[in-house]
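Written below as structure tokens is the structure these notes are about.
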Amino acid sequence: MLRQQGIKALPYIISAVMVGTVTVLCLLLNGHIDPANFAVIYILAVVLSAVWWGMWPSIFTSILGVLAFDFFFVHPLLTFAVSDLSYIYIFAGYLVVGIVVSLVASRAREQARQAQGREQRTLVLYRLSRELAASDSIEEVAAAIKKNTGELLECSTAIYTGRSNELFLTAADADFPVDEHERAVATWVLVNGSAAGALTRTLAASKGLYVPLKTVQGTIGVLGLYKWDNGVYDMEMIEALSSQSSVALQRAILAEEARLADRAKENNRLQAVLLNSISHDLRTPLVSITGALSTLKQDFDSMDPEVRSEMLETAHEESLHLNRLVGNLLDITRVESGTLKINIKPCDLRDVIGSSLRVLKDRMENRKAVVDISEGIFEVPMDFVLMMRVFMNLIDNAVKYSATESVIKISAAISGENVLIKVVDNGFGIPAKDLERIFDKFYRAEKPRQVAGSGLGLSICRGIVEAHHGRIWAQNNPAGGASICMELPAYIKEEKHGK
Amino acid sequence: MENKPGLSVLVVDDERTIRSFLKATLKSKGYSVSEAKDGATANELTASLNPDLVILDLGLPDMDGLDVLKNIRKASNVPVIILSVRDDESDKIAALDMGADDYLTKPFDAGELLARIRSVLRRIQPGTADTVYKTGKLTMDTARHQVTIGKEPVKLTPMEYDFLKMLVISGGRVVTHKRILKDIWNRDEETDDAMHLLRVTVSNIRNKIEPDPNRPVYITTEPGIGYRLSEEE
């Protein structure tokens, strides 16, 4: 126990008053009863004093009582001289009774005090544990520890967390000393796992008291306590606080590690998907090209001319496919890295769509493209080349997901301040749950048959459309098939000064 | 149209496989082919061999292809076709402004390359004093100032006629915005209103001559660069 116990005068004064009162009472009773019985009345004062204030006041009361009894009631009267030896036994009896009663009483009092302390501590620790349970991150846990510890121990507080002998100040009161020396002490505590600093035998010259926050895995942090008046601490309380804090801090650290691991896993997964997708998508056309060419090389002369030209056609088609794929990879890299150069100028929308269709002429096979641009739409502000990429991707998708001989409709109409452009197919449509996600990189909707694609096209489109301050979304048509819709500003907005 | 046999082509490219593929393609069409694998050799051979056509890659190991082009243009008017992986409009415009006759992005279609070669060679072939040009159903008779689609005469405004004539005379080569604005409207700058005028003109001609103006086959757009008269049908 470090609690200060200054000698207090009040119990002795009250004891003296009690002895005086008993003496007056006895003087009044004198003559009515035998003075030997007064000894019992005096012992009342001794017992009370013992029960209320403990051993020393009770011994003081015994002596004072014996002296008063001797002085007023033992012959010769009004002297401290004793003629009858039997009174000596009464003195001894007083002392023994006083000491025994005071010991018993002081133990009872101590137990009561401890019980009360325990209750208070339990309450505080309960509150701490509730706040700790509600805290998720290391920072929140540290802040809860700081607040509760500071209130309870009436000191300013700092929480350091430690990883591999390195200290991180996670939470601290503004007036907590965090200079180099104090930090060194905290580091020592982290490394050695025992308390140090003020009021301890180790590094006692420091301002703060540093207590390790320990778990079975070792020391995970340091609790720093600082009292500017150099007061003492309730060590039991510190013990209880630090063990509870350690558990909470450990939980937060583990949770944080789990979160980081999850994120790393997700990144790894994305990377794996990326690699998988790219290598698969690049290899698929290459397989056809290599296959067709190696067959041609080997059996060129013996081959049926029809088969020969079919093979050449395959190789050629697949090489174009490969080229589109590489173009898309380059585009997504530009979109993602923010190096997309965009040059918005008025463009003949019909020309943009027509040029896109021209490039994809062979890709359409027997599908029919219908272009329907509302009267009144001529020039729309856009980047000609980039919007061609958008249309080419959308038309390519429509081709992929619709049967040959089907119709792909491209329409444009004015919608308020915007131009609403739609690329409509009558293919399989898009599962409702995928309508949003198909614009995510590498995401591909579930589909009724295997369709080659990288899942890049629509995310490129979104990147480009958003760079035009427009938006793009997908919807299913009531009559079947899907529509990709875009809304682009119909007019060039006045550029604000100062880019 | 047939080539005069023996026209010589200088292929400048640092990739051996591309040179050999170009050589094979060109030889099969009757051209004689010489090769240069870097800019220095290209400069040397253009001077010593005096080729009828140069096919020039921009990414050369020792210098930029544009510098080779600049060098060639100092001394010669030989047709140059740029063949490059650079597909940025600004690269294409820079090359065309510097005197390249046309530009083709790698990877390219051999048929398209041969068509471009024929177009640029037409520029230097004398004796084509024809005043009647035909592509598909489109006929332009510059002597009679007449444009017909099939048998149907097409009424063009003077601006539209001048524009179409410019493309027709260029014979399939790309014509840049800059040149069009300069030649037809006498504008030096690609101002917004000049470009607007150009787009309106092109759109109107397409409405008059294209079978489907939504998907033009005669006047095709080179995004960000200009227009060309397409030879395909």
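Values quoted throughout were computed directly from the atomic coordinates according to the rules given, and no laboratory measurement underlies them. Note that the coordinates shown come from a computational prediction; the quantities given were computed from them, not determined experimentally. Using ideal geometry, Cβ is built from the backbone for each residue, glycine included, and neighbour counts are taken over all protein chains shown.
Listed values, structure above:
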{"quantity": "Compactness relative to 2.2 N^0.38 Å, alpha carbon Rg of chain B", "calculated": "1.05"}
{"quantity": "Overall dimensions of the range A:171-233 as given by Cα atoms, namely Rg and Dmax in Å", "calculated": "11.1, 35"}
{"quantity": "Stokes-Einstein D for the range A:305-408, Kirkwood Rh over Cα pairs, 4 °C, 1.567 mPa s (µm²/s)", "calculated": "83"}
{"quantity": "Quarter of the Cα convex hull surface for the range B:73-132, i.e. its orientation-mean projected area (nm²)", "calculated": "5.3"}
{"quantity": "Partner chain coverage, peptide B:199-206 - average Cβ within 10 angstrom", "calculated": "3"}
{"quantity": "Å³ per residue enclosed by the Cα convex hull of the range B:132-229", "calculated": "91"}
{"quantity": "Whole-number percent relative contact order across the range B:132-229, with pairs defined as alpha carbons under 8 Å at least 6 apart", "calculated": "26"}
{"quantity": "Efficiency of FRET from Cβ geometry, A:ARG127 and A:THR202, R₀ 25 Å, rounded to 0.05", "calculated": "0.20"}
{"quantity": "Hull volume in cubic angstrom per residue (convex hull over the Cα atoms of the protein assembly as shown)", "calculated": "308"}
{"quantity": "Inverse mean reciprocal Cα-Cα distance (Kirkwood Rh) of the range A:207-314, Å", "calculated": "20.5"}
{"quantity": "Relative contact order of the range B:8-124, defined on C-alpha pairs under 8 angstrom at six or more residues apart (%)", "calculated": "23"}
{"quantity": "Number of partner chain Cβ atoms within 10 Å, mean per residue of A:348-360", "calculated": "5"}
{"quantity": "Packing rank of A:9-18, A:53-62, where each peptide gets the mean count of other beta carbons within 10 Å, highest leading", "calculated": "A:53-62, A:9-18"}
{"quantity": "Viscosity 1.002 mPa s, temperature 20 °C, Stokes-Einstein D of the range A:74-125 from Kirkwood C-alpha radius, µm²/s", "calculated": "149"}
{"quantity": "Sites B:ASP67 and A:LEU260 - FRET efficiency at Förster radius 56 Å, r taken between beta-carbons, to 0.05", "calculated": "0.60"}
{"quantity": "Number of partner chain Cβ atoms within 10 Å, mean per residue of B:215-226", "calculated": "5"}
{"quantity": "Relative packing of A:342-352, A:228-238, which averages over residues the other C-beta atoms within 10 Å, highest first", "calculated": "A:342-352, A:228-238"}
{"quantity": "Hydrodynamic radius by Kirkwood, which averages 1/r over all alpha carbon pairs of the range A:135-259, in angstrom", "calculated": "14.0"}
{"quantity": "Lys, Arg +1 and Asp, Glu -1 on Cβ, resulting dipole of the protein assembly as shown about Cα centre, debye, nearest 20", "calculated": "440"}
{"quantity": "DSSP beta bridge pairing in the protein assembly as shown, given as percent antiparallel to the nearest 5", "calculated": "75"}
{"quantity": "Calculated P(r) of the range B:8-124 - Cα pairs past 20 Å, %", "calculated": "32"}
{"quantity": "Calculated from backbone phi, Karplus (6.51, -1.76, 1.60) coupling profile of the range A:301-313 in Hz, x at Gly/Pro", "calculated": "6, 7, 7, 5, x, 5, 4, 4, 6, 5, 5, 4, 4"}
{"quantity": "Distance cut-off 24 Å, percentage of C-alpha pairs in the range A:334-485 lying past it", "calculated": "29"}
{"quantity": "B:ASP141 versus B:SER32: modelled label distance in nm, points set 7 Å from Cα along the beta carbon direction", "calculated": "4.1"}
{"quantity": "Calculated FRET efficiency for the pair B:ILE124/A:TRP473, C-beta based, R₀ 56 Å, to 0.05", "calculated": "0.55"}
{"quantity": "Hydrodynamic radius by Kirkwood, which averages 1/r over all alpha carbon pairs of the range A:10-122, in angstrom", "calculated": "14.8"}
{"quantity": "Chain A, relative contact order [Cα under 8 Å, separation at least 6], %", "calculated": "8"}
